[in-house]
Structure formats: structure tokens, C-alpha cells
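The values are calculated or read from the model by the stated rules, or taken from the named source; none is laboratory data. Predicted model only: the values in this text are computed from it and were never measured. As a convention, Cβ positions derive from the backbone with ideal geometry for all residues, glycine included, and neighbour counts pool all protein chains shown. Only protein heavy atoms, including side chains, enter the accessible area calculation; ligands, DNA and RNA are left aside. Shrake-Rupley method; radii C 1.70, N 1.55, O 1.52, S 1.80 Å.
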Amino acid sequence: MKTVKLLCMGLLAAALFGAPALATEHTIGLGAGIAPDYQGSDDSQGIPLLMLKGRYDSGRSFTLLGPNLKVNIVPSKTYSFGPVLNYRQGRDDVDNDRVDAMEDIDDAFELGAFGSLSINNWLLGAELLADVTDEHDGMLATVSFGYRWKAAPTLFIMPKVFTTYADGDYMDTYFGVNSGNRGASGFADFEADSGFKDVGINLVVDYTLWDRWG
């Protein structure tokens with residue numbers, strides 16, 4: 001595990017600091033999402049999303065979408081690969097009183113790698129993440145499938161569905177109950193097993209306003 005973390009951190013540092021200082025094509029955006037109040041909650045909340053994309057003359061690129069930063073180190077239009085850094089919000093001051101009485105879960109940073117393939121505008125992607133803040137000490141694997149529709153010469157619409165598999169350490173941190181995290185909630189012990197934790201969808205609309213800005 002430690003070797004994987006060091007390798008991913010090295011790839012991320014090399015991609016960020018070895019790239020040109022300024023990208024030559026840019027896309028910026030603001031959006032909104034709906035997410036549970038905490039993982040496993042029936043209550044939803046609105047969350048703001050920031051998007052920032054940059055592409056260099058070499059074909060390499062970076063994408064920031066919400067809490068997820070990807071750096072593509074492969075100069076190809078067909079496939080991409082590189083390091084990824086993800087921020088995961090913890091659990092604190094939630095609406096459910098019993099869950100709020102449990103011990104808080106701090107925010108976490110996860111580091112890993114991603115890869116994607118584009119064939120005739122069909123998009124296939126995979127992402128592997130590992131906790132580097134010793135908060136959940138787990139690993140997650142996400143696969144996605146989407147389509148890049150050219151609705152107009154300067155307008156692209158990209159719907160995507162995804163699902164995430166999480167290991168036992170991750171699941172037990174966010175869904176398990178034991179003497180270490182029960183607090184004053186009164187919940188009975190529960191050990192959460194590894195498995196598919198979610199299915200989701202996102203939609204990106206990319207409109208090119210000027211030659212190099214979208």
C-alpha cells in the first residue's frame with residue numbers, strides 16, 4: 001500500500017510541475033449537484049461544483065471537476081492516463097440526531113490513477129483511489145460509461161453513468177458501527193462489507209465561446 005501511495009504521489013508531482021506553466025486551451029464552468037447529507041443518508045443537499053480544464057500543445061491536459069483533479073500525462077486523443085487527487089468530505093453536524101451523536105469522520109484526501117478510452121465518441125473510464133490521510137485507509141475503484149454528443153459545432157453534451165466499488169476498510173469507516181465510533185448514538189454493532197457503494201450520473205455541457213476558451 002505504501003509503495004502504491006508513493007508511486008501515485010510521484011506521478012502527480014511530475015505531471016503538475018513538469019508541465020508548461022500555462023495551458024493553451026481552457027474551459028471553466030460552474031454547476032450544481034445533489035448529494036446525501038452524509039454517506040448513507042436519506043436526506044439530500046445541494047452542492048456547488050467548479051470545473052476547470054486545461055490542454056497543452058503537447059496534448060497533455062488536466063481536469064478539475066468538483067473535488068476531483070485529474071492530470072493526463074499521455075499526449076493522445078484516443079486514450080488518457082495519469083494521476084488523480086480526490087477530496088472526500090467527512091461526517092460532522094448532520095441532520096440525523098442519532099448519526100450526529102456518533103464520532104465525527106474527518107475529511108480525507110485520496111490519491112490514485114485513472115485511465116480512459118474514447119472510441120467514436122463513446123467514453124470508457126476507470127479510476128483507482130487509495131486514502132493517503134489515514135482516515136479510512138481504504139481503496140475505491142470506479143468505472144464509468146458515457147457519450148460525447150456534438151450538438152452543434154461549438155457545443156458538446158456529455159452524459160455519463162458510473163459505479164464505485166469500495167473495500168471493507170472504506171465501508172466500515174463510513175457505514176460500520178463499533179465501540180470506537182458509536183459515541184452516544186445507541187446503535188448496535190454493524191460491520192460493513194466490501195461491495196458496490198453507489199451508482200451515479202453526471203452531465204457536462206461544454207460550449208466554446210471563443211477560439212481557445214469554452
ask   = What aspartates and glutamates sit close enough to residue 70 to cross-link, taking a C-alpha to C-alpha distance under 13 Å and skipping anything fewer than 8 places away on the same chain?
value = 110, 127
ask   = Can you give the relative contact order of the chain as a percent, counting alpha carbon pairs under 8 Å and 6+ residues apart?
value = 15
key: Residues of the chain: accessible area per residue with a 1.4 Å probe, Å²   = 60
key: Helix-only mean residue ellipticity at 222 nm for the chain, each DSSP H run of n ≥ 4 adding -39500 (n - 2.57), per residue, nearest 500   = -4000 deg cm²/dmol
inquiry  = Tell me the carbon and sulfur percent of the accessible area for the stretch 24-163, rounded to whole percent, probe radius 1.4 Å.
reply    = 57
ask   = With every protein chain present, what accessible area does residue 27 have (1.4 Å probe, heavy atoms only), rounded to the nearest 10 Å²?
value = 20
key: Whole-number percent relative contact order across the stretch 171-214, with pairs defined as alpha carbons under 8 Å at least 6 apart   = 32
task = Filter the cross-link list 53/197; 77/160; 150/197 down to pairs whose alpha-carbon distance in this structure exceeds 24 Å.
result = 53/197; 150/197
request  = Excluding residue 182 itself, calculate the net charge of residues whose Cβ lies under 14 Å from the Cβ of residue 182, where each Lys or Arg counts +1 and each Asp or Glu counts -1.
outcome  = -4
request  = Just need the relative contact order of the stretch 33-114 here, percent rounded to a whole number, with Cα pairs under 8 Å and 6+ apart.
outcome  = 20
